[in-house]
Amino acid sequence: MIRFVHPDYLYALYLIPVLVAVYFITSYKQKRALSLFANEKMHKVLLPFRSKVKPVIKFILVITSIAFLILSLANPQVGSKIEEVKQVGIDVFILLDVSMSMKAEDIRPNRLAKAKLEISKMIQRLRGDRIGLIVFSGEAYVQFPLTTDYSAANLFLNAVDVSSVPVPGTAIEPAINLALNSFKEDTPTKKAIIIITDGEDHEGNLKNAAEEAESKGVQIYAIGLGSAAGSPIPVYNSRGQQVDFKRDNTGNIILTKLDEQTLIELAAAGGGKYYRGTNTENELEQIYNDLSDIEKSEFGTTRITSYEDRFHYFLFPAILFLLAEFFISAKKTKFLIKFDNE
């Protein structure tokens, strides 16, 4: 099995036919100019030592060297062996509140942006654990299911915004139930749910949802973002400029407050812990350290191909061809005299 580490460099191979075309056009113009200057019979008199073959050989060496250098830069690799590796870890679903209240800026730059930054940092630390993301406001949706493809997870995370869920509100219970239903029950892994929200739950029975999770062996952790005193929700125009704050029907500015007590009770009922979100700390990192103490379980195997670099197979010949071109003169030689006389 062959692959290239930097396949984008291979596009440079399109330069080869362009260079060949330029060479032939230039050669044609030179021959035409020489023919206009003197009769063809006079060429041997005017240029007695000029070889017709060597310039072609030198060009072939240069163009081949360029092609080999491009292949070398792309770094071809050859699969040397295939191994089956056991996948060991835990399953974690992060439940991210994307309601409008998460745009409040009592946590910088705002609650949602801080949450996404912490999740991204956590994904970078994961080693073998499966992670999934559920976004919720008035309803809950799976942004991406449990996966070990951390690069794809980061891409889906970047797309999350308050517009990810069209229904307004903050319904935590449906998000917990969706996570419980999305775990793979046929795998013996330890499971955890991490809820990141301001805690302003407007519907549902959180205690029942937490107790059901604990009965299934799923721990619930909670991170509360915001201030108990409350913070206004900024409103921006299409150009990203703040124009006002969100107001109620009577025109008063709405303050969104952190419902810390609800989250404390939720985490306690779910057998986990509650963390207060701040501007400086990384609460998800603290939770990850707690999760690291959970016993890891095997949830499958994956086949991994070991690859070895083979760029030197092209680099060394490219250097030799360039050296050969440098030392080949443009004069006739006895070895190629019969080709020059044709």
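Among Ile176, Ile134, Ile123, which is within 21 Å of Gly270 (Cα to Cα), part of a helix (DSSP H, G or I) and in the same structural domain as Phe245 (by TED's automatic domain parsing)?
Ile176
Answer yes or no as to whether Gly204 is crowded, with 24+ Cβ neighbours inside 10 Å, of a type outside the set (A, V, I, L, M, F, W, C) and more than 19 Å from Gln143 (Cβ to Cβ).
no
It is to be established whether one or more residues within the stretch 240-260 are on the phi < 0 side of the Ramachandran plot, among the aliphatic types (A, V, I, L, M), in contact with a Gly (Cβ under 7 Å, 6 or more places away or on another chain) and surrounded by 15 or more Cβ atoms within 10 Å (Cβ to Cβ).
Yes; the residues of the stretch 240-260 include at least one that is on the phi < 0 side of the Ramachandran plot, among the aliphatic types (A, V, I, L, M), in contact with a Gly (Cβ under 7 Å, 6 or more places away or on another chain) and surrounded by 15 or more Cβ atoms within 10 Å (Cβ to Cβ).
Sort out for me the helices (runs of 4 or more DSSP H) sitting completely within the stretch 1-92 that have 2 or more residues that are small (Gly, Ala, Ser) and either at pLDDT 90 or above or in the same structural domain as Ala192 (by TED's automatic domain parsing) (or both).
Those helices (runs of 4 or more DSSP H) span 54-74.
Got a number for residues in the stretch 307-318 being in contact (Cβ under 8 Å) with a residue 40 or more places away in the chain, of a type in the set (A, V, I, L, M, F, W, C) and in a helix (DSSP H, G or I)?
3
If the requirement is being within 18 Å of Asp91 (Cα to Cα), aromatic (Phe, Trp, Tyr) and under 33 Å from the mean Cα position of the chain (by Cα), which of these qualifies: Tyr236, Tyr274, Tyr221?
Tyr221
Go through the stretch 280-304 and give me each residue that's at pLDDT below 60 and not acidic (Asp, Glu).
Lys296, Ser297, Phe299, Gly300, Thr301, Thr302, Arg303, Ile304
Please enumerate the residues belonging to the stretch 151-173 that are within 28 Å of Glu211 (Cα to Cα) and either assigned to a loop (DSSP other than H, G, I, E, B) or not assigned by TED's automatic domain parsing to the domain that holds Gly138 (or both).
Val165, Val167, Pro168, Gly169, Thr170, Ala171
Restricting attention to the stretch 107-164, which residues are farther than 25 Å from Glu200 by Cα and polar (S, T, N, Q)?
Residues satisfying the conditions are Gln124, Thr147, Thr148, Ser151, Asn154.
Restricting the stretch 1-21 to residues that are aliphatic (A, V, I, L, M) and surrounded by 11 or more Cβ atoms within 10 Å (Cβ to Cβ), which is farthest from the chain's Cα centre (by Cα)?
Val20
The values are calculated or read from the model by the stated rules, or taken from the named source; none is laboratory data. Not measured: the values here are computed from a predicted model. No Cβ is skipped: glycine too gets one built from the backbone with ideal geometry, and neighbour counts run over all protein chains shown.
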